[in-house]
Amino acid sequence: DSGVTQTPKHLITATGQRVTLRCSPRSGDLSVYWYQQSLDQGLQFLIQYYNGEERAKGNILERFSAQQFPDLHSELNLSSLELGDSALYFCASSVGGVSGEAFFGQGTRLTVV
Amino acid sequence: KNEVEQSPQNLTAQEGEFITINCSYSVGISALHWLQQHPGGGIVSLFMLSSGKKKHGRLIATINIQEKHSSLHITASHPRDSAVYICAAYGGATNKLIFGTGTLLAVQP
């Protein structure tokens, strides 16, 4: 158990819909990272938050947004979903930046039908 | 060309064999991570290293910063080592992890 909790574990939704994925980091970790893993793209970095502030942005679509709340949990919002958004979405947390060890959640498997 | 490349992409070994997975990167990095992803999908961080060598049980990771190359070794491999192994380079300037495409390892009894 990494200490990082992601919910839900599985999500099936229709095209055009909006979903919210949730991540609770390990106790004491200030950074939360979101990653997308699809069959054809492998693992891709989406976005990082550190203590409530956006720290780095990767290949995140404009239809996607994220935030980190005062209690340090984070949410990834995916809207106007397309079939190609079907993927595993991971969050990871670390005490500081990614130069330190990161701990991954179990992932949320999103299926868009 | 990917900034982080792994080889081999697929590897089948017999139980007990010594296994090496390689990772080469073209970006300047300050740290490199080795991750393990089991068939169920969960990802576990194995090592984070910025120089030299680290060992944890039967796993050894090395990095050569000058040659921009890292290796993950598994000694006395076991079927439970079957997983995808992913290296990820941390580029300090961008504060991002850049992932390799992974190596699918199957250890047969």
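The values are calculated or read from the model by the stated rules, or taken from the named source; none is laboratory data. Computed from a predicted model, the values in this text were never measured in an experiment. Here the Cβ is made from the backbone with ideal geometry for all residues, glycine too, and neighbour counts use every protein chain on show. All accessible areas refer to the heavy atoms of the entire protein, side chains included, with ligands and DNA or RNA removed. Shrake-Rupley method; radii C 1.70, N 1.55, O 1.52, S 1.80 Å.
Taken together, the residues in the range A:36-59 that are more than 9 Å from chain B (Cβ to nearest Cβ), in a loop (DSSP other than H, G, I, E, B) and touching a Phe, Trp or Tyr at 6+ places or on another chain (Cβ under 8 Å) amount to 2.
Of all residues in the range B:29-50, none satisfies the criterion of being on the phi > 0 side of the Ramachandran plot and in contact with a His (Cβ under 6 Å, 6 or more places away or on another chain). For the range A:60-83, the condition holds for no residue, the condition being that it is part of a loop (DSSP other than H, G, I, E, B), facing another protein chain (nearest Cβ under 10 Å) and acidic (Asp, Glu).
Going residue by residue through the range B:86-104, is there one that turns out to be farther than 20 Å from A:Ser94 by Cβ and out of contact with any strand residue (DSSP E or B) (no Cβ under 6 Å at 6 or more places or on another chain)? No: the range B:86-104 contains no residue that is farther than 20 Å from A:Ser94 by Cβ and out of contact with any strand residue (DSSP E or B) (no Cβ under 6 Å at 6 or more places or on another chain). A count restricted to the range A:74-113 and to residues that are more than 11 Å from the chain's Cα centre (by Cα) and farther than 15 Å from A:Leu11 by Cβ stands at 12. Whenever a residue of the range A:17-32 is among the basic types (Lys, Arg), its partners that are open to solvent by 20 Å² or more (accessible area, probe 1.4 Å), lying with C-beta atoms within less than 6 angstrom and at least six residues away or across chains, give the pairs A:Arg18/A:Ser79; A:Arg22/A:Thr7; A:Arg22/A:Glu75; A:Arg26/A:Gly3; A:Arg26/A:Phe103.
Scan the range B:40-47 and give yes if some residue there is farther than 24 Å from A:Ala56 by Cα, within 12 Å of chain A (Cβ to nearest Cβ) and at pLDDT below 95, otherwise no. Give the derivation first.
Step one: of the range B:40-47, the residues farther than 24 Å from A:Ala56 by Cα are B:40-41.
Still in the list and also within 12 Å of chain A (Cβ to nearest Cβ): B:40-41.
Retained after the next criterion (residues that are at pLDDT below 95): B:40-41.
Yes, that holds for at least one residue.
Condition first: open to solvent by 30 Å² or more (accessible area, probe 1.4 Å), under 20 Å from A:Val95 (Cα atoms) and aliphatic (A, V, I, L, M). Now tell me which residues in the range A:29-71 satisfy that. Result: A:Leu30, single match. Within the range A:85-106, can one find any residue that is open to solvent by 40 Å² or more (accessible area, probe 1.4 Å), without any contact (Cβ under 8 Å) to a residue 60 or more places away in the chain, touching a helix residue (DSSP H, G or I) at 6+ places or on another chain (Cβ under 9 Å) and of a type outside the set (A, V, I, L, M, F, W, C)? No, the range A:85-106 contains no residue that is open to solvent by 40 Å² or more (accessible area, probe 1.4 Å), without any contact (Cβ under 8 Å) to a residue 60 or more places away in the chain, touching a helix residue (DSSP H, G or I) at 6+ places or on another chain (Cβ under 9 Å) and of a type outside the set (A, V, I, L, M, F, W, C). Each residue in the range A:1-35 was checked for being within 14 Å of another protein chain (Cβ to nearest Cβ) and of a type in the set (S, T, N, Q), and 4 of them qualify.
Within the range B:66-109, the set of residues being within 14 Å of chain A (Cβ to nearest Cβ), surrounded by 13 or more Cβ atoms within 10 Å (Cβ to Cβ) and more than 14 Å from the chain's Cα centre (by Cα) comprises B:Gly91, B:Gly92, B:Thr94, B:Asn95, B:Lys96.
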